[in-house]
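Written below as structure tokens is the structure these notes are about.
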């Protein structure tokens, strides 16, 4: 390993050609005639100067990376190297392409072990992100395969390299730089006898890629502002008075330019006071008669205040059965329904509530979200189904009377954020309803949870309300941080699931 005093990453110049040629001959001793011709280098520089870089150590070329941009739809995964570079004319390069294709990268032997190759790969990744390309693709040589070709297949060779049973410094290096094997290509590079002309198609996905918009529409926001309503249970004369209070909170959170407002589970329970002369099961069915009106008014408020409203939940009668449901009222005027899947023993015994059947994600102008009502968050399978559908934020409206019940919801919600690498927001009610049977005293502390990694709070808590106090909680969550976590987190829960030995399926 050569001691270095200075390192510089710079664009390749045609003036570097003779030194580049010598460096290539040293880098590829098994392929001494495979260096680039001067006119080919000049053509690459002319077509795509940003894609051609060298790294210099002690003012000498230590390594080089050459690349072009291609429309990958024009190739299938069984392409050859010569097809990609169009017989060294590079006519396949197009600034309208979607993929950065690596056509060469090397480090001179005397400079290996200094992580200079990582700098070249990092530059490619940064270039890919800056140009908003889908990712990086290249055919990786497996120069040690010829030693094993008479014993094992290329597929088994790669598996053994990944398990560290065989040392292949080239493939190991590429995998350690976040490139993943996609396919084995036979006959990729003519004359590569060391690899038996096999290559591993390696890919890296740009998690920040945004598909170019053909229409003049706004893409999903990357930073989303959440507004949680910690609702005070109190007596109301009628539905109009309750909705005036609800509008007050919507006005408040929209004043902070929030994208979402969330209310707690059964926040309209005070209206049951007028039916205390009935049994609990009859009183809640009377409350259910208000649900369609409340949803209609929330939808109007979502449009007028330009905010997406998660209505908490209400009782609803369908097919003469009583369900606990809520509605997502979007600011574009559309309305979608969600159900509580698991009802608590007390809800079933006292009110006769039935569990719902449908759990789904919802497309919004701020990405995909999920909504689980209270007890449902204590069943990890539900949120795992939602995150598999692309959920970024899970909303949990809840209603708990004791600190024990609240702790179950709170701790399970935080676990869902960690295991699913998503944000989780919970909102509950506080205070008491002495004039409503089966409601008693409420305990709540509304919170926003995050995964636990370096880009997030160490505690996994983004924001928290004061316990048992009527208030709003405003918090910003960055969806791009989730994309980065999925790829580069200290641990990657979603990627590391052992789908080969277990799976979660819908019925």
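Could you pull out the residue among 399, 385, 353 that is farther than 17 Å from residue 308 by Cβ, in contact with a strand residue (DSSP E or B) (Cβ under 6 Å, 6 or more places away or on another chain) and either without any contact (Cβ under 8 Å) to a residue 40 or more places away in the chain or surrounded by fewer than 24 Cβ atoms within 10 Å (Cβ to Cβ) (or both)? Before the answer, list the steps.
Numbers: 399 fails: either without any contact (Cβ under 8 Å) to a residue 40 or more places away in the chain or surrounded by fewer than 24 Cβ atoms within 10 Å (Cβ to Cβ) (or both); 385 fails: in contact with a strand residue (DSSP E or B) (Cβ under 6 Å, 6 or more places away or on another chain).
Only one candidate qualifies: 353.
Would you point out the residue of region 268-277, among those that are in contact with a helix residue (DSSP H, G or I) (Cβ under 7 Å, 6 or more places away or on another chain) and free of Cβ contacts under 8 Å to residues at least 60 places away in the same chain, that is surrounded by the fewest Cβ atoms within 10 Å (Cβ to Cβ)?
Ranking the qualifying residues of region 268-277, first place goes to 275.
Check off (1) within 34 Å of the chain's Cα centre (by Cα); (2) surrounded by 14 or more Cβ atoms within 10 Å (Cβ to Cβ); (3) not in a helix (DSSP H, G or I) for residue 246 and give me the number that stays unchecked.
(3)
Just to be sure before I move on: is residue 28 in contact with a strand residue (DSSP E or B) (Cβ under 8 Å, 6 or more places away or on another chain), within 22 Å of residue 188 (Cβ to Cβ) and at pLDDT 90 or above in the structure I sent?
Numbers: in contact with a strand residue (DSSP E or B) (Cβ under 8 Å, 6 or more places away or on another chain): yes; within 22 Å of residue 188 (Cβ to Cβ): yes; at pLDDT 90 or above: no.
Criteria not met by residue 28.
Looking at (1) in a helix (DSSP H, G or I); (2) out of contact with any helix residue (DSSP H, G or I) (no Cβ under 8 Å at 6 or more places or on another chain); (3) within 21 Å of residue 430 (Cα to Cα), which is the one condition that is false for residue 326?
Of the numbered conditions (1) in a helix (DSSP H, G or I); (2) out of contact with any helix residue (DSSP H, G or I) (no Cβ under 8 Å at 6 or more places or on another chain); (3) within 21 Å of residue 430 (Cα to Cα), the odd one out for residue 326 is (1).
How many of the residues in region 211-243 are modelled with pLDDT of 90 or more, under 32 Å from the mean Cα position of the chain (by Cα) and more than 15 Å from residue 428 (Cα to Cα)?
Going through region 211-243 one residue at a time, the tally reaches 3.
Considering 113, 97, which residue is within 27 Å of the chain's Cα centre (by Cα) and either outside any strand (DSSP E or B) or more than 17 Å from residue 203 (Cβ to Cβ) (or both)?
Numbers: 113 fails: within 27 Å of the chain's Cα centre (by Cα).
Of the residues listed, the single one that is within 27 Å of the chain's Cα centre (by Cα) and either outside any strand (DSSP E or B) or more than 17 Å from residue 203 (Cβ to Cβ) (or both) is 97.
Would you please name the residue that is modelled with the lowest pLDDT, looking only at residues in region 326-350 that are under 14 Å from residue 399 (Cα atoms) and crowded, with 20+ Cβ neighbours inside 10 Å?
Among those residues, the one meeting the criterion is 347.
If you go through region 60-76 one residue at a time, how many are under 20 Å from residue 139 (Cα atoms) and assigned to a strand (DSSP E or B)? First the steps, then the outcome.
The first filter runs over region 60-76 and keeps only residues under 20 Å from residue 139 (Cα atoms), leaving 63-76.
From what's left, assigned to a strand (DSSP E or B): 63-70.
Count: 8.
Among the residues of region 60-87, write down those that are surrounded by 14 or more Cβ atoms within 10 Å (Cβ to Cβ), over 30 Å from the mean Cα position of the chain (by Cα) and farther than 27 Å from residue 169 by Cβ.
83
Identify, from the list 105, 161, 137, the residue that is at pLDDT below 90, buried (at least 19 other Cβ atoms within 10 Å of the Cβ) and touching a helix residue (DSSP H, G or I) at 6+ places or on another chain (Cβ under 7 Å). Lay out the reasoning, then the answer.
Numbers: 105 fails: at pLDDT below 90; 137 fails: at pLDDT below 90.
After applying the criteria, what remains is 161.
Contact list please: Cβ distance under 7 Å, first residue in region 1-21 and on the phi < 0 side of the Ramachandran plot and surrounded by 15 or more Cβ atoms within 10 Å (Cβ to Cβ), second residue at pLDDT 95 or above and in a loop (DSSP other than H, G, I, E, B), pairs at least six apart or on different chains.
Note: pairs meeting the criteria are 12/52.
Being part of a helix (DSSP H, G or I) and modelled with pLDDT under 90 is the filter; apply it to region 140-156 and report the residue that is nearest to residue 181 (Cα to Cα).
Looking only at region 140-156, we keep the residues that are part of a helix (DSSP H, G or I), and these are 145-147, 154-156.
Checking which are modelled with pLDDT under 90 leaves us with 145-147, 154-155.
Numbers: 145: 16, 146: 19, 147: 21, 154: 12, 155: 10 Å.
The extreme case among them is 155.
Give region 36-59 a look and list any residue that's assigned to a strand (DSSP E or B), in contact with a helix residue (DSSP H, G or I) (Cβ under 7 Å, 6 or more places away or on another chain) and at pLDDT 90 or above, or say none. If you could, list the steps in order and put the result at the bottom.
To start, the set of residues in region 36-59 that are assigned to a strand (DSSP E or B) comprises 53-57.
In the following step, the residues that additionally are in contact with a helix residue (DSSP H, G or I) (Cβ under 7 Å, 6 or more places away or on another chain) were identified as 53-55, 57.
Once the filter is applied, which keeps residues that are assigned to a strand (DSSP E or B), in contact with a helix residue (DSSP H, G or I) (Cβ under 7 Å, 6 or more places away or on another chain) and at pLDDT 90 or above, region 36-59 yields 53, 54, 55.
Can you list the strands (runs of 3 or more DSSP E) found entirely within region 378-490 that contain at least 1 residues being under 19 Å from the mean Cα position of the chain (by Cα)? Break it down stepwise before answering.
Numbers: elements: 393-397, 423-427, 429-432, 447-449, 461-464, 471-478.
In region 378-490, the matching strands (runs of 3 or more DSSP E) lie at 393-397, 423-427, 447-449, 461-464, 471-478.
The values are calculated or read from the model by the stated rules, or taken from the named source; none is laboratory data. These figures come from a predicted structure and were not determined experimentally. Cβ coordinates were reconstructed from backbone atoms using ideal geometry, including for glycine residues, and neighbour counts include every protein chain displayed.
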